[in-house]
Amino acid sequence: KVLCATGVVAALIAVFWKDSFNPESLSGARVLVTGASAGIGEQIAYHYARFGAEIVLTARREAVLQKVMEKCLTLGAKKIFYIPADMSSPSEPERVVQFAVQKLGGLDYLVLNHIGPNRFQEWAGDVEYTRWLLQVNFLSYVALATAALPTLEKNRGALVVVSSLTGKMPTPFTTSYSATKFALDGFFSSLRHELIMQNRDVSVTLCILGLIDTESALEYTRGKVLVSASPAPEAALAIVRGGAARAHEIFYPRWLQPLCCLWALFPSSGNQVLRTFYNYSSP
Ligand code: NDP
């Protein structure tokens, strides 16, 4: 019954929900993408390149960033630069934003996407790892957004924050990761209220993703999750479109939105069903 209701609601949303995406608005747009060396971030960079944007890429591995940069040029990026940076270091976010503003003359989009390795295992008491992950997955997002807000405000820009289903609905084996994603929702949804109340024209788009077929996600979840993964290029396009349409939230795949509503209405039975999608073999 639950699955059937979810399907009906998803179909209705697909029919009535049309975002106001205009691809031409991205031609010449100045974009900073984090976590751009691999996975969804790499695909986000390729979409912006196809739309003719001016892009700054960042992640830790310089050699890989160089390759992504070369492909972006062949796809049509108007300008492209990269800056290697490790977001576990508290001084890096400001340096990266300064670099992007200096190279592009300002920013229209800040796409926050990077994450530190997710262990996808049961909680074993490593508090230090949780502290470190909060720095990489959450505090660096806050610092990057804070450094970029003045230029985004000048340009009626957009903050795009990549989150996860487990930042709306806690799932097993994701204690620390889930905490960082809930923190993003709390911080950026509160910031959105304030920007609107202060008439500051910067949009905040929170992107809620299900399992996506990136190399790292498939490796962490192998044998543990009984859900099929969706394609990274499609997830990346949903993120780019959502940011351009200045949507408050986007869900990819779309059926995650009614799923979250159902879970909020029936949390106890929802959690029971949820656990059946995970393999647990006790040590
Ligand atoms: P990947 O692991 O494929 O890529 C992570 C990116 O972050 C890489 O570019 C990596 O590059 C960079 N990175 C890692 N550590 C650091 C660091 N310390 N400092 C700076 N950059 C770093 O991730 P995905 O593409 O799978 O995920 C992208 C986003 O999508 C994340 O926000 C994730 O939470 C979200 N998401 C993904 C899902 C999935 O199933 N894939 C599901 C739900 C949400 P480098 O190693 O060069 O630094």
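Annotations for the structure displayed:
- Given +1 at the Cβ of Lys and Arg, -1 at the Cβ of Asp and Glu and no other charges, the dipole of the chain around its Cα centre is 360 debye to the nearest 20.
- Using θ = phi - 60° and Karplus 6.51 cos²θ - 1.76 cosθ + 1.60, couplings along region 68-75 (whole Hz; Gly, Pro as x): 4, 4, 4, 5, 4, 5, 5, 7
- Of the residues S176, S281, the one with the largest accessible area comes first in the ranking S281, S176, computed with a 1.4 Å probe on protein heavy atoms.
- Long-range HN-HN contacts of I212 with modeled amide H, under 5 Å: S230
- Computed over region 188-268, the percent of Cα pairs more than 14 Å apart is 70.
- For Y82, residues with placed amide H under 5 Å, excluding near neighbours: L57
- The chain: angle of helix 256-265 to the longest principal axis, Cα-based, in degrees nearest 10: 50 degrees
- Here the gap between R254 and N199, fully extended at 0.36 nm per residue and compared with their Cα-Cα distance, gives a gain of 16.8 nm.
- Ranking N113, I212, Q135 by how far each Cα lies toward the positive end of the dipole of the chain (charges on Cβ) leaves I212 at the top.
- The accessible-area ordering, largest first, of the residues E128, E194, E54 stands as E128, E194, E54, per a 1.4 angstrom probe.
- In terms of Cα atoms, the Rg and Dmax of the chain work out to 18.6, 55 Å.
- In region 238-283, chymotrypsin sites (Phe, Trp or Tyr not before Pro) in a DSSP loop with at most 11 other beta-carbon atoms within 10 Å: Y280
- Candidates I44, L144, L184 compared by Cα position along the dipole of the chain: farthest toward the positive end lies I44, with charges placed on Cβ.
- Solvent-accessible surface (1.4 Å probe) assigned to H248 amounts to roughly 100 Å².
- I44 contributes an accessible area of around 0 Å² to the protein surface, as traced by a 1.4 Å probe with all chains present.
- Accessible surface calculations at 1.4 Å, restricted to protein heavy atoms, place region 27-275 at 44 Å² per residue.
- In this structure the amide hydrogen of E54, modeled in the peptide plane, comes within under 5 Å of the amide hydrogens of G28, A29, R30, V31, K78, K79, none closer than 5 places in sequence on its chain.
- For region 239-249, 3J(HN,Hα) computed residue by residue from phi via the Karplus equation (6.51, -1.76, 1.60; θ = phi - 60°) reads 5, 4, 5, x, x, 5, 7, 6, 5, 6, 9 Hz, glycine and proline entered as x.
- If R0 equals 25 Å, the separation of the Cβ atoms of R222 and W132 corresponds to a calculated FRET efficiency of about 0.55.
- Rounded to whole Hz, the Karplus (6.51, -1.76, 1.60) HN-Hα couplings of region 36-41, x for glycine and proline: 8, 8, 7, x, 5, x
- Counting protein heavy atoms only, region 27-275 has 56 percent of its accessible area on carbon and sulfur, 1.4 angstrom probe.
- Accessible surface for R60 stands near 150 Å², nearest 10, in the context of the full protein assembly shown (1.4 Å probe).
The values are calculated or read from the model by the stated rules, or taken from the named source; none is laboratory data. From a predicted model like this one, the values you see are computed outputs, not experimental measurements. All Cβ positions, even for glycine, are placed from backbone atoms using ideal geometry, and neighbour counts span all protein chains on display. For accessibility, only protein heavy atoms count, side chains too; no ligands or nucleic acids. Shrake-Rupley method; radii C 1.70, N 1.55, O 1.52, S 1.80 Å.
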